[in-house]
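Okay, so here's the structure we're looking at.
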Amino acid sequence: MALVDEVRGWLEAKVPAGWFTEVPTVAADTEEILVLGRLPEPEAPRRASDAARRAARVAQIKRFRAATRDDRVALAREAEHVFGRKVSWGASCGEAREVFTTISVPVMTRLRMPERNVLDVLVESGVARSRSDALAWCVRLVGAHEADWIANLHDALTEVRRVRAEGPSPG
């Protein structure tokens, strides 16, 4: 993905040294760029419990978020101007991960009555607040339970794009 590589290179030049332990990962779609950086492990006593280590990692992320807020907002605005997409930030530390800002994009879909009934059951049972929330819940569920299949589809689509780009140009 050329955009992701371009954003990653841009970030390498712009992100202050010491923010992350490695070059941040970048994901993008047609509306948003997500920048996720890895933070260093916090100091913890040798005999700290797993729960204490998890809490320290979450606290590390919260400290980073607060300390870098103004700089991240400025970088995001600059990147939004350069790349024409909203920029969201997140951080991980050990197994803890938090995305600070992310956009929610409305998506139009047409559903027949049986499909609407599924959404309505999710709303009426309290699983979701609205049909929109129920549909998002269904998409997350498929993504979680069919992650390998979705990844295979993504890889195949990437290969199709590569082959098309290498082919002859029309007209």
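The values are calculated or read from the model by the stated rules, or taken from the named source; none is laboratory data. Not measured: the values here are computed from a predicted model. When we count neighbours, we look across all protein chains shown, and the Cβ atoms used for this are built from the backbone with ideal geometry, even at glycine.
Restricting the search to region 73-117, which residues are among the small types (Gly, Ala, Ser), part of a helix (DSSP H, G or I) and within 17 Å of the chain's Cα centre (by Cα)? If you could, list the steps in order and put the result at the bottom.
First, the residues of region 73-117 that are among the small types (Gly, Ala, Ser): 74, 76, 79, 84, 88, 90-92, 94, 96, 104.
Next, from what is left, pick out any that are part of a helix (DSSP H, G or I): 74, 76, 79.
Correct list: Ala76, Ala79.
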Go through Asp120, Asp70 for me and flag whichever is outside the structural domain of Asp155 (by TED's automatic domain parsing), among the acidic types (Asp, Glu) and in a helix (DSSP H, G or I). Asp70
Restricting region 134-155 to residues that are surrounded by 14 or more Cβ atoms within 10 Å (Cβ to Cβ) and not aliphatic (A, V, I, L, M), the one farthest from Ala66 (Cα to Cα) turns out to be Cys138
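I'd like to verify a number: residues in region 45-67 that are over 17 Å from the mean Cα position of the chain (by Cα) and in a helix (DSSP H, G or I), how many? Break it down stepwise before answering.
First, the residues of region 45-67 that are over 17 Å from the mean Cα position of the chain (by Cα): 45-60, 62-64, 66-67.
Retained after the next criterion (residues that are in a helix (DSSP H, G or I)): 50-60, 62-64, 66-67.
The total comes to 16.
With respect to Ala51, is the statement that it is without any contact (Cβ under 8 Å) to a residue 60 or more places away in the chain, under 24 Å from Pro16 (Cβ atoms) and in the same structural domain as Glu12 (by TED's automatic domain parsing) true?
On the way: without any contact (Cβ under 8 Å) to a residue 60 or more places away in the chain: yes; under 24 Å from Pro16 (Cβ atoms): no; in the same structural domain as Glu12 (by TED's automatic domain parsing): yes.
Criteria not met by Ala51.
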Filter region 124-171 for residues that are in contact with a helix residue (DSSP H, G or I) (Cβ under 8 Å, 6 or more places away or on another chain), part of a helix (DSSP H, G or I) and of a type in the set (Gly, Ala, Ser) and give the result. Ala134, Gly143
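For Ile61, state whether it is buried (at least 17 other Cβ atoms within 10 Å of the Cβ) and either touching a Lys or Arg at 6+ places or on another chain (Cβ under 6 Å) or of a type in the set (S, T, N, Q) (or both). Before you say what the answer is, go through the steps one by one.
Numbers: buried (at least 17 other Cβ atoms within 10 Å of the Cβ): yes; either touching a Lys or Arg at 6+ places or on another chain (Cβ under 6 Å) or of a type in the set (S, T, N, Q) (or both): no.
Against the criterion (buried (at least 17 other Cβ atoms within 10 Å of the Cβ) and either touching a Lys or Arg at 6+ places or on another chain (Cβ under 6 Å) or of a type in the set (S, T, N, Q) (or both)), Ile61 does not qualify.
Can you tell me how many residues within region 92-149 are under 30 Å from Val23 (Cβ atoms) and among the polar types (S, T, N, Q)? Please lay out each step first, then the result.
Of all residues in region 92-149, those under 30 Å from Val23 (Cβ atoms) come to 92-105, 139-140, 143-144, 146-149.
Subset that is among the polar types (S, T, N, Q): 92, 101-102, 104.
Going through region 92-149 one residue at a time, the tally reaches 4.
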Expected single match for surrounded by 13 or more Cβ atoms within 10 Å (Cβ to Cβ) and modelled with pLDDT under 95 among Arg53, Arg46 is Arg53
Can you find even one residue in region 102-110 that is farther than 21 Å from Glu32 by Cα and either touching a helix residue (DSSP H, G or I) at 6+ places or on another chain (Cβ under 6 Å) or of a type in the set (A, V, I, L, M) (or both)? no
